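Asks: Below: one structure in structure tokens.
The values are calculated or read from the model by the stated rules, or taken from the named source; none is laboratory data. The structure presented is a predicted model; accordingly, all values stated were derived computationally and were not measured. Note that each Cβ is placed from the backbone with ideal geometry, even for glycine, and that neighbours are counted across all protein chains shown. All accessible areas refer to the heavy atoms of the entire protein, side chains included, with ligands and DNA or RNA removed. Shrake-Rupley method; radii C 1.70, N 1.55, O 1.52, S 1.80 Å.
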Amino acid sequence: MSVIDTPHLYDLAIIGGGAAGTLTAIGVLREAQRPLRVLILEPDLPLARGVAYATTYPEHLLNVPVAKMSGFAAQPEDFLDYLQDVQAFPALDRDTLAHRFVPRQHYADYLRLRLQQTAAASIAQLQVRAEHVRALQADAEGFTLALDSGAQLRARAVALAPGNALRPLPARGAGALPAGKRVEAWDYPAVRAISPAADVAIVGSGLSMVDTVMSLLASGHHGAIHVLSRHALLPLPHAAGPAADYDPQPLLAMNLRQRMRALRRHAAEASARGIPWQSVMERIRPLGQALWQSLSFDDQRRFLRHVVRYWDVHRHRVAAPVHAQLLTLAEQGRLQVHRGRLQAVVSEGACVQLLAHDIRRRPLQLDVHCVVNATGVEMRAQAMRNTLLQQLLGSGVARPGPHGIGIDSAPDGSLIDAHGTIETRLQVLGSLRIGRLWESLAIPELRGQAAHAATTLLQQLQP
Ligand SMILES: Cc1cc2nc3c(=O)[nH]c(=O)nc-3n(C[C@H](O)[C@H](O)[C@H](O)COP(=O)(O)OP(=O)(O)OC[C@H]3O[C@@H](n4cnc5c(N)ncnc54)[C@H](O)[C@@H]3O)c2cc1C
């Protein structure tokens, strides 16, 4: 390893320049009272794109309306203000725009502009390096970070925000499929490049499947589209309608079974009064983390085993017109949804065979030209194929989170190491906190975590 040189000494290193890392940098730059040296390490520039906002295709929409996507809880209309300031949708009045689901690419542009503006006004100095961090060690003075380039640097504090990783295709033979026959759903240009005549099988039926279908349609696809998933549940639509007026607090004292029953009852009562069930979900949305944390460990495990698929389709919804498009495609027979568990994929000439078992363990075979992996976010940190996370877990700097998902963190976001010691100088953000918080992926949670991490880290950096 190369020798540490003093120019590589930073007050704060932010690992990962997706939405969470960018929001943390904004928080620190805004609040800093001294000329701190802040560094963002992100191999995949420009900043703020990560997986979600890297798409430049207009068919990939935010799954939350504009009014709920501000990066800052204290300025709830900030994303709306931004879209109006840059005249992204000049034909729409403010109220209409607030309720729109706009293309995701705007979000990265928004966060980057806010970062630039904040950095320009800050006493702290921001640097960005196009680097992947592959290892981190803690000592009494701070941290040593080893980069893929072979360089090392020192930081007094760290924000760890490496974000989302796609689950590998869960099938024998997947690794041997040639490029073009196996496409990752988050490789947006590769999905767009699928031949319009190809028969396609999409594995997974969540939001990444929806992105894939929308891209196929946008590129004039006319082949068959199969969707294969274990539960064959498609995301449900958002709905406009009156707010539900029930108090969700009593749910916190109930066990999982009682909660599910109560929620079903509330949803049925709401619909009987002309209030969509989605409004009931909106009422419990702010309680997402408290609901998870107040479940017993066993009930959390039951939720992960038996409830999560149903939860996901109700919680992670799509814009109503997108949902209507999916239903139309299904009615026309262009989109065929199969319930089954994928076992193996085999390359056969120009085709790919997907070998699965249906719900009764009968063989199910799909013959297509291309398979798209849309199995969604990997929750187990060891399986994320991120060298840094493997090193952190392997060396005991970190330990897996509850239920083996994410890595462990204290309620304030501080890392917990393999001995249970809380490391306040290292703040964890985003999907890595999922085992402790469950709701830790979307912008409302990330902006809260980023603001909190900024305050905590600045306290740590006080002379
Ligand atoms: C397809 C998709 C669509 C979504 N749509 C929405 C939406 O509409 N609304 C919403 O609220 N949420 C949405 N989400 C949730 C989304 O997870 C968050 O909004 C947000 O993008 C997550 O940001 P992040 O910074 O935690 O992770 P990411 O966006 O994944 O960014 C992490 C960054 O860290 C970098 N990195 C990783 N490892 C290292 C390392 N070792 N060294 C240096 N850098 C590293 C990566 O290159 C990446 O750029 C969506 C998620 C996905 C996957």
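Asks: Can Gly448 be described as within 16 Å of the ligand (Cβ to nearest atom) and surrounded by fewer than 18 Cβ atoms within 10 Å (Cβ to Cβ)?
Replies: So Gly448 passes the test.
Asks: Evaluate segment 391-402: report whether one residue or more is outside any strand (DSSP E or B), surrounded by fewer than 22 Cβ atoms within 10 Å (Cβ to Cβ), under 19 Å from the mean Cα position of the chain (by Cα) and at pLDDT 95 or above.
Replies: Looking for residues that are outside any strand (DSSP E or B), surrounded by fewer than 22 Cβ atoms within 10 Å (Cβ to Cβ), under 19 Å from the mean Cα position of the chain (by Cα) and at pLDDT 95 or above, one finds at least one in segment 391-402, hence yes.
Asks: Here's something else I'd like to know. Being part of a helix (DSSP H, G or I) and either within 15 Å of the ligand (Cβ to nearest atom) or not hydroxyl-bearing (Ser, Thr, Tyr) (or both): is that true of Gln137 here? Outline the logic, then answer.
Replies: Details: part of a helix (DSSP H, G or I): no; either within 15 Å of the ligand (Cβ to nearest atom) or not hydroxyl-bearing (Ser, Thr, Tyr) (or both): yes.
No, not satisfied.
Asks: Right, another one. So, of the residues in segment 55-66 that are within 10 Å of the ligand (Cβ to nearest atom) and open to solvent by less than 30 Å² (accessible area, probe 1.4 Å), which turns out to be nearest to Pro76 (Cα to Cα)?
Replies: Ranking the qualifying residues of segment 55-66, first place goes to Pro65.
Asks: Then there is this: When Leu329 is evaluated against the numbered criteria (1) away from the ligand (no atom under 16 Å from the Cβ); (2) assigned to a strand (DSSP E or B), which criterion, by number, is the only one it fails?
Replies: (2)
Asks: Looking at Ala159, Ala155 in this structure, which one is crowded, with 21+ Cβ neighbours inside 10 Å, in contact with a Phe, Trp or Tyr (Cβ under 6 Å, 6 or more places away or on another chain) and modelled with pLDDT of 95 or more?
Replies: Ala155
Asks: Counting only residues that are surrounded by fewer than 21 Cβ atoms within 10 Å (Cβ to Cβ) and near the ligand (Cβ under 9 Å from one of its atoms), how many does segment 105-125 have?
Replies: The number of residues fulfilling the criteria is 0.
Asks: Then there is this: Of all residues being surrounded by 16 or more Cβ atoms within 10 Å (Cβ to Cβ) and over 19 Å from the mean Cα position of the chain (by Cα) in segment 7-24, which is nearest to the ligand (Cβ to nearest atom)? Just the residue, please.
Replies: Ala13
Asks: Follow-up. Within segment 126-145, track down each residue that is under 16 Å from Gly17 (Cα atoms) and open to solvent by 20 Å² or more (accessible area, probe 1.4 Å).
Replies: Leu126, Gln127, Val128, Arg129, Ala130, Glu131, His132, Arg134 - these are the residues of segment 126-145 that are under 16 Å from Gly17 (Cα atoms) and open to solvent by 20 Å² or more (accessible area, probe 1.4 Å).
Asks: Of the numbered conditions (1) in contact with a helix residue (DSSP H, G or I) (Cβ under 6 Å, 6 or more places away or on another chain); (2) within 20 Å of Leu216 (Cα to Cα), Ala330 fails exactly one; give the number of that condition.
Replies: (1)
Asks: Can I ask one more? Please determine whether any residue of segment 69-90 is away from the ligand (no atom under 11 Å from the Cβ), open to solvent by 60 Å² or more (accessible area, probe 1.4 Å) and of a type in the set (Asp, Glu). Step through it out loud before you land on a result.
Replies: Filtering segment 69-90 down to residues away from the ligand (no atom under 11 Å from the Cβ) leaves 72-78, 80-90.
When the remaining residues are screened for being open to solvent by 60 Å² or more (accessible area, probe 1.4 Å), the result is 73-77, 84-87, 90.
Those still in the list that are of a type in the set (Asp, Glu) too: 77, 85.
Yes, because at least one residue in segment 69-90 is away from the ligand (no atom under 11 Å from the Cβ), open to solvent by 60 Å² or more (accessible area, probe 1.4 Å) and of a type in the set (Asp, Glu).
Asks: All but one of (1) open to solvent by 10 Å² or more (accessible area, probe 1.4 Å); (2) in a loop (DSSP other than H, G, I, E, B) hold for Gly27; which doesn't?
Replies: (2)
Asks: Something else now. Specify the residue that is nearest to Ser440 (Cα to Cα); the eligible residues are those in segment 386-419 that are of a type in the set (S, T, N, Q) and in contact (Cβ under 8 Å) with a residue 40 or more places away in the chain. Don't jump to the end; show me each part of the working.
Replies: At the first step, the residues of segment 386-419 found to be of a type in the set (S, T, N, Q) are 386-387, 390-391, 395, 409, 414.
Those still in the list that are in contact (Cβ under 8 Å) with a residue 40 or more places away in the chain too: 386-387, 391, 395, 414.
Numbers: Asn386: 19, Thr387: 22, Gln391: 23, Ser395: 25, Ser414: 14 Å.
Selected residue: Ser414.
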